[in-house]
Amino acid sequence: MPKELKSFDLTTKPKPAVPVRVDDTTLRDGEQTAGVVFANQEKIRIAKLLSEAGVHQIESGIPAMGGDEKETIKQIAALDLSASVLAWNRAVRADIQASIDCGVDAVAISLATSDIHIEHKLKKDRAWVIDSIKKSVAFAKKHDLYVSVNAEDASRTELDFLTEYAEAAKAEGADRLRFCDTIGVLDPFETYKVIKELKDRVDIDIEMHTHNDFGMATANALAGVKAGASWVNTTVNGLGERAGNAALEEVVMAMKVLGHTDLGLKTERFRDLCEYVAAASARTIPAWKAIVGTNVFAHESGIHADGVLKNPLTYESFSPEDVGLERQLVVGKHSGTHSIVMKFMEYGIELTDEEAQNILTEVRRLAVELKRALFDKELVYIYQDFRLKKEGLGQ
Ligand code: MN
């Protein structure tokens, strides 16, 4: 028997000094994905599922859009969820008033801070940005709201101006600064540097809003946390504009397994939650999707399957049950005899080594011919043919 393996030991890693909380924006940035629209009932269901999973804050949408959007946000706010309900706003008094009308307890007030956005999109200047954010934050705070101030395109903003923006917002009572890597151009090293510097300059909670254009959304969110950010803005399945946002399931499990920090979410609900959001957004979860893909705990290669059968920790860093998945042993071209023996044991058949070897030869031949793994039924047929041949009854 192999010695008992201790689970992945990362206790030596430094933990974040402050608790880290999740603000999920599946209902806002997730729905902003080109081609995605949630039905009202789906928005409400997603909000409930997120809250039940233990997400700390839910970004519920944009009240200023009016119509169904505003009505649904109102209904979500009235659910009395354990999660805080936040609504997204431009730095415009009418937007914030629409949020207040919905009964949410928190608002995100968004303004672009990079010169390229200020000059080319807003057609304003930095002084106007500072003045607008101050007025908007003051108005929201007067109504007793938790205020997150979003620095859109923060990753391309000159740090001195970003500092000035954060300080101006803080002076009006803002509770948090959302650092947005709006077009996803940071890497984890750069993220760490800029968040550390910003945190040294301004004493305000920082939230990471990261995009996946270079496949680094989750890594950048974690780098931000390591540098002192205390909030992470995520979406289920990483749904979001263009290449998407940092995925809730990835950030939370990476924090737990790699960062040794349990954010307190019910991670065993992740697969179900991801399936619901995938269906509501008319997308499928790729089999190889990190954390929740069906292949994450599927083992075919002989060496891997043999290892997992002896002790799952040989090829898995956490258990499938942790995220609501199941382990699968796939029998196909790369299988070894151990998998064949174990698979037949499930059917109550004990194979000799020689039988397992002969069946494996046939399994490999058939898998190549069919260009796929084999179904359980096909394995049984192989076994039946093999028995018939052995008893001299086959052709
Ligand atoms: Mn975004």
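The values are calculated or read from the model by the stated rules, or taken from the named source; none is laboratory data. The model shown is predicted, which means the values in this text are computed figures rather than measured ones. We place every Cβ from the backbone using ideal geometry, glycine too, and count neighbours over all the protein chains shown. What goes into the accessible areas is simple: the full protein's heavy atoms, side chains included, and nothing from ligands, DNA or RNA. Shrake-Rupley method; radii C 1.70, N 1.55, O 1.52, S 1.80 Å.
Computed values, structure above
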read-out	value
Test: residue in region 208-228 that is within 13 Å of the ligand (Cβ to nearest atom), crowded, with 23+ Cβ neighbours inside 10 Å and among the acidic types (Asp, Glu)	no
Test: residue in region 276-289 that is in contact with a strand residue (DSSP E or B) (Cβ under 8 Å, 6 or more places away or on another chain), assigned to a helix (DSSP H, G or I), surrounded by fewer than 17 Cβ atoms within 10 Å (Cβ to Cβ) and not basic (Lys, Arg)	no
Residue under evaluation residue 234, criteria (1) within 15 Å of the ligand (Cβ to nearest atom); (2) not assigned by TED's automatic domain parsing to the domain that holds residue 83, criterion not met	(2)
Any chance residue 260 is more than 22 Å from residue 53 (Cβ to Cβ) and either part of a helix (DSSP H, G or I) or open to solvent by 20 Å² or more (accessible area, probe 1.4 Å) (or both)	no
Failed condition for residue 44, given (1) within 16 Å of the ligand (Cβ to nearest atom); (2) among the hydrophobic types (A, V, I, L, M, F, W, C); (3) modelled with pLDDT of 95 or more	(1)
Inter-residue pairs, beta-carbon under 8 Å, first closer than 13 Å to residue 390 by Cβ and in region 349-365, second open to solvent by 70 Å² or more (accessible area, probe 1.4 Å), 6+ apart	362/385
Every residue from region 185-202 that is away from the ligand (no atom under 15 Å from the Cβ), more than 17 Å from residue 250 (Cβ to Cβ) and open to solvent by 10 Å² or more (accessible area, probe 1.4 Å)	189, 190, 192, 193, 194, 196, 197, 199, 200, 201
Residue identified as out of contact with any strand residue (DSSP E or B) (no Cβ under 7 Å at 6 or more places or on another chain), surrounded by 15 or more Cβ atoms within 10 Å (Cβ to Cβ) and not charged (D, E, K, R) among 73, 100	100
Long-range neighbours under 6 Å by Cβ, at least six apart or interchain, first residue within 16 Å of the ligand (Cβ to nearest atom) within region 244-270, second in a loop (DSSP other than H, G, I, E, B) and modelled with pLDDT of 95 or more	244/212
Index of the failed condition, residue 17 passing every other in (1) modelled with pLDDT under 95; (2) among the small types (Gly, Ala, Ser); (3) within 16 Å of the ligand (Cβ to nearest atom)	(3)
Subset of region 370-395 that is open to solvent by 90 Å² or more (accessible area, probe 1.4 Å) and farther than 22 Å from residue 299 by Cβ - its residue that is modelled with the lowest pLDDT	395
Residue that is farthest from the ligand (Cβ to nearest atom), among those in region 139-184 that are open to solvent by 10 Å² or more (accessible area, probe 1.4 Å) and among the hydroxyl-bearing types (Ser, Thr, Tyr)	163
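Here is a yes/no grid of residues against (1) modelled with pLDDT under 95; (2) under 15 Å from residue 155 (Cα atoms); (3) β-branched (Val, Ile, Thr); (4) open to solvent by less than 20 Å² (accessible area, probe 1.4 Å):
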site	(1), (2), (3), (4)
204	no, no, yes, yes
243	no, no, no, no
249	no, no, no, yes
254	no, no, no, yes
